[in-house]
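Engineer: Mind looking over this structure? Questions follow.
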Amino acid sequence: MSYSLDFSAVYDRLPELLFACLGTVGLATAGMLLATVIGIAGVVARRSRFKALRWVVIAFVELIRNTPFLVQIFFIFFALPQMGIRLNPTVTAVIALALNGGAYAIEIIRGGVDAISKGQVEAGLALGLHRAQIFRHIILKPALRTVYPSLTSQFIMLTLTTSVCTSIAAYELTSVAQKIESDTFRSFEVYFSITVLYLIISALMMGVFALISRLSFNYPVK
């Protein structure tokens, strides 16, 4: 059985695909920003003197890291409405991405924080710095510099994970591709094209992260 390639269907709907790329980048960016906040807050809570708070963070990390992202997003979108909490697909996608990315960010950032020697902290105390100043200037920034490559790699994975959000009809690249494929029946052409688009998005993300590293940490990321 022969199959004739015809990318005209994809070319005709290219503006839709390109606009959907913005949807994917928007979901990923919002998820990454919130995941970073969750990661830093989680590390602070993990270092808290309150044992119960530390255990809450540990339980959250284990829950998220040991369950599929698809189940997590289904729980937020389909299960929470049973408790009166209804969210639209876009908000659900951002929350799910933030929680998933945040759990991994906590562990990544914690590894960087744990690598900071106690001597540096003691030096900060000797200089009369408050604990908040010590955490911000002596612990957090060097830790982020150390783990930056790992953190950005995780965020690239988070960007690709946005494709799962098509399962709740969130607006992103894969959901638009599925609609075009169902309209045109050109499966190979459509999915080959979005494969290329995902590669381009990932490459652009890596370029942005490399620029941020040079501007913020003077630390080149390859």
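The values are calculated or read from the model by the stated rules, or taken from the named source; none is laboratory data. Keep in mind it's a predicted model, so treat the numbers as computed, not measured. Counting neighbours? That spans all protein chains shown, and the Cβs are built from the backbone with ideal geometry, glycine included.
Engineer: Consider E62 carefully, then state whether it is under 21 Å from the mean Cα position of the chain (by Cα) and in contact (Cβ under 8 Å) with a residue 24 or more places away in the chain.
Structural biologist: no
Engineer: How do the pairs read when you match residues in segment 20-31 that are over 12 Å from A177 (Cβ atoms) and free of Cβ contacts under 8 Å to residues at least 40 places away in the same chain with residues anywhere that are among the β-branched types (V, I, T) and buried (at least 19 other Cβ atoms within 10 Å of the Cβ), using Cβ under 9 Å and keeping only pairs 6 or more apart or on different chains?
Structural biologist: G26/V94; T29/T159
Engineer: Of the numbered conditions (1) over 18 Å from L34 (Cα atoms); (2) of a type in the set (A, V, I, L, M, F, W, C); (3) buried (at least 16 other Cβ atoms within 10 Å of the Cβ), L151 satisfies every one except a single condition; which is it?
Structural biologist: (1)
Engineer: Oh, and also: Anything in segment 170-196 that is surrounded by 15 or more Cβ atoms within 10 Å (Cβ to Cβ), hydrophobic (A, V, I, L, M, F, W, C) and more than 17 Å from the chain's Cα centre (by Cα)? List them, or say none.
Structural biologist: V176, A177, I180, V190, I194
Engineer: Inside segment 1-91, counting only helices (runs of 4 or more DSSP H) that do not spill past its ends, which hold 1 or more residues that are polar (S, T, N, Q)?
Structural biologist: Correct list: 8-12, 14-46, 69-74.
Engineer: Between a first residue in segment 159-174 that is within 15 Å of P68 (Cα to Cα) and in contact (Cβ under 8 Å) with a residue 40 or more places away in the chain and a second residue that is among the small types (G, A, S) and in a helix (DSSP H, G or I), which pairs have beta carbons less than 6 Å apart while being 6 or more apart in sequence or on different chains?
Structural biologist: Within 6 Å, the pairs are T162/A28; C165/A93.
Engineer: Moving on to the next point. Tell me, yes or no, whether segment 141-156 has at least one residue that is hydrophobic (A, V, I, L, M, F, W, C) and outside any helix (DSSP H, G or I).
Structural biologist: There is no residue in segment 141-156 that is hydrophobic (A, V, I, L, M, F, W, C) and outside any helix (DSSP H, G or I).
Engineer: Out of contact with any Lys or Arg (no Cβ under 7 Å at 6 or more places or on another chain), at pLDDT 95 or above and surrounded by 13 or more Cβ atoms within 10 Å (Cβ to Cβ): which single residue out of I109, I95 fits that description?
Structural biologist: I95
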